[in-house]
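Working notes, structure below.
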Amino acid sequence: MTACGAAYRSFIGNLGQAGRRMLIVRQLCKTFGRPAVDHLDLTIAGGEIYALLGPNGAGKTTTLRMVCGLLTPDSGSIEVAGADALADPARAKQVMAWLPDEPLLYDRLTPLEYLEFVAGLWRVPTVLARERAQSLLRELGLWPHRGEPCEGFSRGMRQKTALAGALLHDPALLIMDEPLSGLDAAASRQVKDLLRARVLTGRTVVLTTHVLEVAERLADRIGIINAGRMVAEGTFVELRDRAGSGQTTLEDVFLHLTAEQPA
Ligand SMILES: Nc1ncnc2c1ncn2[C@@H]1O[C@H](COP(=O)(O)OP(=O)(O)O)[C@@H](O)[C@H]1O
Ligand SMILES: [Mg+2]
């Protein structure tokens, strides 16, 4: 096939993912003594960046840990790319990547060695893995540090190295917990640009944040959760309109909406 034909096929394939429902969560519940996630519904389409926004303790991390198969729900259902994630977790995990807020790296490995290790876990073919590692490290500004052990890295560099690892098998659905916390302005920009480029090709990003500006600037849609429940959902403009006149920033909207519902 010609390069042009391959590009066309990949474009058509990608279009197939955009707009499709990538993640469907229904009536999800988890209780730790008291409800942490309380009958939560979520529907997230292919090709979007969705931010789950809420105050500390709202249930954001618990929700995403259940979606990723790290925590068993008390009840509810989770569908990932058409697969029942609770009945067939292995199939769901194939298309997903999870980036925790405090990622674990092997300190003695360099970013290149770490990505080689991750490629082995996912059985990514060697040549493809090298190409992807190189482009991810370049896009994230880590290329000059590719040969240095991670132990000397700043928090931001560690987070970016872990992000590169999460993206190495090219997951259709990337799930990130507080991805921009601890990143300086330049690193935040690199991560944002990378995420935006991915969703343009039909991949999906779901992230949590308690930082209002992150949701406002990065997300196509925002779900505000409080005490494990969805309080409001929509684009920034929709949420702002819902909060009523006089609300100009998402901070106003957020405080208004979370104040409506006692935690
Ligand atoms: N492993 C756990 N054991 C007991 N309580 C937990 C556990 N994980 C989370 N919680 C509780 O569940 C609630 C939601 O926590 P979490 O999902 O971490 O919130 P968020 O990520 O929105 O800050 C909190 O009240 C928290 O204390
Ligand atoms: Mg959390």
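The values are calculated or read from the model by the stated rules, or taken from the named source; none is laboratory data. Source: prediction; values computed, not measured. Heads up, the Cβs are rebuilt from the backbone with ideal geometry, glycines too, and the neighbour counts pull from every protein chain shown. In case anyone asks, the SASA skips ligands and DNA or RNA and just uses the protein heavy atoms, side chains included. Shrake-Rupley method; radii C 1.70, N 1.55, O 1.52, S 1.80 Å.
The heavy atoms of Y106 offer some 130 square angstrom of accessible surface to a 1.4 angstrom probe.
Compared with the dominant Cα axis of the chain, that is its longest principal axis, helix 126-139 is turned about 60°.
Its relative contact order, with pairs defined as Cα atoms under 8 Å and 6+ residues apart, puts the chain at 26 percent. When the residues M157, M22 are ordered by accessible surface, computed with a 1.4 Å probe over the protein chains alone, the sequence from largest down reads M157, M22. Round to a whole angstrom and tell me the spacing of the C-alpha centers of region 106-178 and region 208-232. Distance between centres, Cα-based: 27 Å.
For the set D193, D88, D38, solvent exposure ranked by accessible area (probe 1.4 Å, protein chains only) runs largest to smallest as D193, D88, D38.
Compared with the dominant Cα axis of the chain, that is its longest principal axis, helix 250-260 is turned about 50°. Ranking V124, V253 from most to least accessible surface, computed with a 1.4 Å probe over the protein chains only, gives V124, V253.
About its Cα centre, the dipole of the chain is roughly 640 debye, where the only charges are +1 on Lys and Arg Cβ and -1 on Asp and Glu Cβ. Residues whose amide H falls under 5 Å from that of D74, counting only those 5 or more places apart or on a different chain, are C29, K30, T31, with hydrogens built in the peptide plane.
With the charge dipole of the chain set up from +1 on Lys and Arg Cβ and -1 on Asp and Glu Cβ about the Cα centre, the Cα lying farthest toward the positive end among the listed residues S75, L195, T63 is that of L195. If R0 is taken as 45 Å, the Cβ-Cβ distance between D88 and E251 corresponds to a FRET efficiency of 0.65. Taking the Cα centre of region 102-161 as origin and assigning +1 to Lys and Arg Cβ atoms and -1 to Asp and Glu Cβ atoms, the resulting dipole is close to 140 debye. Per-residue 3J(HN,Hα) values for region 217-225, derived from phi via the Karplus relation 6.51 cos²θ - 1.76 cosθ + 1.60 with θ = phi - 60°, read 7, 9, 8, 6, 9, 10, x, 9, 10 Hz in sequence order (x marks Gly and Pro). Under the convention that each Lys and Arg Cβ holds +1 and each Asp and Glu Cβ holds -1, the size of the dipole of region 9-153 around its Cα centre is about 380 debye.
For the chain, the longest principal axis of the C-alpha atoms and the axis of helix 3-17 are separated by about 20°.
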